[in-house]
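See below for the structure under consideration.
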């Protein structure tokens, strides 16, 4: 898979150094993956949730952070939409931004 907006991970990791290693590990795993459907993603990351409209939510660093991505399986493409704390995620989820 290709991560289109990987710069967002680097920038977030600079602001929140405690998430850096986990985000880097997530990115490395994703780049090596050959996902064709949500079931493949679920095999790789058991805690991932499909929230609709091709959006998927990953728990990062023991659920301290949330990562929302759009996955286009046909073109092997991952687009990062949001990285934030669990509290920040709750605020956007309440506003139906997803």
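Conditions tested, residue by residue: (1) at pLDDT 95 or above; (2) more than 20 Å from residue 9 (Cβ to Cβ).
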residue: 30; (1), (2): yes, no
residue: 44; (1), (2): yes, no
residue: 60; (1), (2): no, no
residue: 74; (1), (2): yes, yes
residue: 86; (1), (2): no, no
residue: 93; (1), (2): no, yes
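Elements of the type helices (runs of 4 or more DSSP H) sitting completely within the chain and holding at least 2 residues that are in contact (Cβ under 8 Å) with a residue 60 or more places away in the chain: these cover 6-15.
The values are calculated or read from the model by the stated rules, or taken from the named source; none is laboratory data. All values derive from a computational prediction rather than experimental measurement. Neighbour counts are summed over all protein chains in view; Cβ atoms, including those assigned to glycine, are modelled from backbone coordinates with ideal geometry.
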